[in-house]
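One structure below.
The values are calculated or read from the model by the stated rules, or taken from the named source; none is laboratory data. Remember, it's a predicted structure, so these values are computed and weren't measured experimentally. Cβ placement follows ideal geometry from the backbone for every residue including glycine, while neighbour counts extend to all protein chains displayed.
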Amino acid sequence: MTRKISFISLGGTISSKVSSTGASPALDSSDLLSLVNAKIGEVEIVAVPYKPAPSASLTFQELHDIAALVKREIANGSEGVILSQGTDTLEESSFYLDLVHDSDVPVVVTGAMRNADLLGADGPSNILSSILVSLDSESWGMGVLVVMNDEIHTARYVRKTNTSSLSAFTSYPLGPIGWVSEGKIRIVMKPLKRVRVKFPEKESGKKVSLLKVTLSDDLRLLESVETLGYDGLILEAFGGGHMPNWNLDVIKRIAGKMPVILCSRTGSGDVLISTYGFPGSERDLISRGIIPAGDLSGAKARILLKLLLENGYGKDEVLSFVERHFY
C-alpha cells in the first residue's frame with residue numbers, strides 16, 4: 001500500500017537562488033523535491049502549493065493558516081507532513097505548530113543554511129532526512145520535530161544559535177534526540193510529555209510584547225506596553241529572573257492588567273522562584289504578579305502566551321497552565 005507524505009515549502013534559504021540583487025526564494029515545493037534524487041519504497045510525496053515568504057516576515061495569521069493546512073493534509077490521509085521554511089524564525093514557528101498539533105502523525109520542519117546555488121547546499125539533504133524521519137514509526141506521537149544537518153530536535157528545545165553555520169541549530173541542555181545515518185534514523189531520547197494548546201478557531205489578533213532588559217535600561221518602553229494596546233508582556237530579564245530596581249511599580253501595574261511572563265535572557269536554565277529577595281529579584285517580581293516561565297526562552301514564551309490568549313485564558317489561567325507544564 002502506497003504511503004502519502006505531504007511537503008509544503010514556505011520559501012527561505014532552502015528555496016533561494018542567487019540573482020544580481022542577492023539570494024531570494026525561487027524554488028517551489030515541486031522544485032525542491034526534484035532536487036532530492038531518491039527512491040523511497042512505496043511512498044507518494046505530494047508537493048503542496050503555498051505562497052513563499054521570508055521567515056522574518058511570517059505573521060501569526062500565516063502560522064494559523066499553515067497549522068490549518070497541516071491538519072487538512074493529515075485529515076486527507078497524509079502519514080507525515082514536512083514543512084520547509086527560512087531558518088530565521090524556525091524555532092518559533094515549529095513551537096507554535098507543536099503546541100497546536102493534536103495528532104500522532106509526524107510533522108517535520110526543516111530549512112537550509114546554504115542557498116541552492118552555493119557549493120555544499122544543505123537543502124536537499126535536509127529534505128531527504130526529513131522524509132526518512134517522517135516515515136519512521138519512532139517519530140509517531142513525538143509532536144513537531146526539527147531536522148537539520150542530519151540531527152533530529154524537538155520543537156520545544158531547538159534554537160538557532162549561529163547566523164550561517166551548518167550546525168546552527170542546537171537544543172540546550174538536551175542536544176538532539178536523534179540523528180540520521182546511512183539512510184536510517186536513530187531516536188535515542190523521547191520527551192516524557194508534550195504540551196498542547198487548543199488550536200484557536202481563528203487568529204483574533206492578540207498582541208504580546210517582548211522586552212529584553214539590558215544594563216542601566218531606563219525601561220521607558222514599559223509604558224508603551226499599555227498605551228499601544230498589548231494584551232500580554234514577556235520580560236526577558238537578567239540571570240535567574242532579575243530586573244533593575246526602578247520602575248517596579250510600573251511592572252506591578254501592568255501585571256494587574258495583563259499576563260506578564262518572566263524569562264531569562266541567558267538562553268538556558270530555569271527562571272528562579274525562591275532564591276533572591278532584593279527589589280527586582282525573582283521573588284520580588286513574583287510577589288508583584290509576574291509569572292515565571294521555567295526554562296522557556298522569551299521568544300517561545302511569547303508564542304505560548306499568544307496562543308493561550310487566543311483561547312481566552314485570563315491571567316490566573318495562564319499562571320496555572322505555566323505552573324502545570326513548565327515547573
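Condition (residue is more than 25 Å from Asp102 (Cβ to Cβ) and among the acidic types (Asp, Glu)) applied to segment 43-56: is it met by at least one residue?
no
Val260 - would you say it is more than 16 Å from Gly298 (Cα to Cα), of a type in the set (Val, Ile, Thr), outside the structural domain of Tyr172 (by TED's automatic domain parsing) and in contact with a helix residue (DSSP H, G or I) (Cβ under 8 Å, 6 or more places away or on another chain)?
No; evaluated as a whole, the condition is false for this residue.
Inside segment 1-33, can you point out the residues that are farther than 16 Å from Thr110 by Cβ and assigned to a strand (DSSP E or B)?
Within segment 1-33, Arg3, Lys4, Lys17, Val18, Ser19, Gly22, Ala23, Ser24 meet the criteria.
Which of the numbered conditions does Glu282 fail, given that it passes all the others? Conditions: (1) surrounded by fewer than 23 Cβ atoms within 10 Å (Cβ to Cβ); (2) touching a His at 6+ places or on another chain (Cβ under 9 Å); (3) without any contact (Cβ under 8 Å) to a residue 60 or more places away in the chain.
(1)
Can you name the number of the only condition in (1) in a helix (DSSP H, G or I); (2) surrounded by 15 or more Cβ atoms within 10 Å (Cβ to Cβ) that Asp316 fails?
(2)
Considering only segment 239-272, state which residues are part of a helix (DSSP H, G or I) and either among the acidic types (Asp, Glu) or buried (at least 18 other Cβ atoms within 10 Å of the Cβ) (or both).
Answer for segment 239-272, where residues must be part of a helix (DSSP H, G or I) and either among the acidic types (Asp, Glu) or buried (at least 18 other Cβ atoms within 10 Å of the Cβ) (or both): Asp249, Ile251, Ile254, Ala255.
Here is a list of conditions, (1) under 18 Å from Ala168 (Cβ atoms); (2) in contact (Cβ under 8 Å) with a residue 60 or more places away in the chain; (3) buried (at least 22 other Cβ atoms within 10 Å of the Cβ), and Arg114 meets all of them except one; can you say which number that is?
(3)
Which of (1) buried (at least 21 other Cβ atoms within 10 Å of the Cβ); (2) aliphatic (A, V, I, L, M); (3) assigned to a helix (DSSP H, G or I); (4) out of contact with any Lys or Arg (no Cβ under 8 Å at 6 or more places or on another chain) does Leu235 not meet, given it meets every other one?
If we test Leu235 against (1) buried (at least 21 other Cβ atoms within 10 Å of the Cβ); (2) aliphatic (A, V, I, L, M); (3) assigned to a helix (DSSP H, G or I); (4) out of contact with any Lys or Arg (no Cβ under 8 Å at 6 or more places or on another chain), just (3) comes out false.
Mind checking whether some residue in segment 57-70 is in the same structural domain as Ser167 (by TED's automatic domain parsing), touching a strand residue (DSSP E or B) at 6+ places or on another chain (Cβ under 6 Å) and modelled with pLDDT of 95 or more?
Scanning segment 57-70, I find at least one residue that is in the same structural domain as Ser167 (by TED's automatic domain parsing), touching a strand residue (DSSP E or B) at 6+ places or on another chain (Cβ under 6 Å) and modelled with pLDDT of 95 or more, so the answer is yes.
Testing Glu79 on (1) in contact with a helix residue (DSSP H, G or I) (Cβ under 8 Å, 6 or more places away or on another chain); (2) closer than 21 Å to Gly12 by Cβ; (3) modelled with pLDDT of 95 or more, one condition comes back false. Which one is that?
(2)
Looking at segment 34-56, which of its residues are under 24 Å from the mean Cα position of the chain (by Cα) and either part of a helix (DSSP H, G or I) or not assigned by TED's automatic domain parsing to the domain that holds Ile131 (or both)?
Ser55, Ala56
Just to be sure I understand, how many residues within segment 80-120 are part of a loop (DSSP other than H, G, I, E, B) and closer than 13 Å to Leu58 by Cα?
Of all residues in segment 80-120, those part of a loop (DSSP other than H, G, I, E, B) come to 80, 85-89, 101-106, 111-120.
With the extra rule that they be closer than 13 Å to Leu58 by Cα, the set shrinks to 85-89.
So the answer is 5.
In segment 89-115, which residue that is under 16 Å from the mean Cα position of the chain (by Cα) and β-branched (Val, Ile, Thr) is farthest from Lys17 (Cα to Cα)?
Val100
Select from segment 142-183 the residues that are charged (D, E, K, R) and not in a strand (DSSP E or B) and list them in ascending order.
Asp150, Arg156, Glu182
Pull up segment 1-59, narrow it to residues that are touching a Gly at 6+ places or on another chain (Cβ under 7 Å) and on the phi > 0 side of the Ramachandran plot, then point me to the one that is surrounded by the most Cβ atoms within 10 Å (Cβ to Cβ).
In this case the residue turns out to be Gly12.
Across segment 168-201, what is the number of residues that are surrounded by fewer than 12 Cβ atoms within 10 Å (Cβ to Cβ) and at pLDDT 95 or above?
2
With the requirement that a residue be over 17 Å from the mean Cα position of the chain (by Cα) and over 20 Å from His101 (Cβ atoms), what does segment 133-162 give you?
Asn149, Asp150
Would you say Lys190 is closer than 27 Å to Tyr157 by Cα, part of a loop (DSSP other than H, G, I, E, B) and not hydroxyl-bearing (Ser, Thr, Tyr)?
Spelling it out, Lys190 is indeed closer than 27 Å to Tyr157 by Cα, part of a loop (DSSP other than H, G, I, E, B) and not hydroxyl-bearing (Ser, Thr, Tyr).
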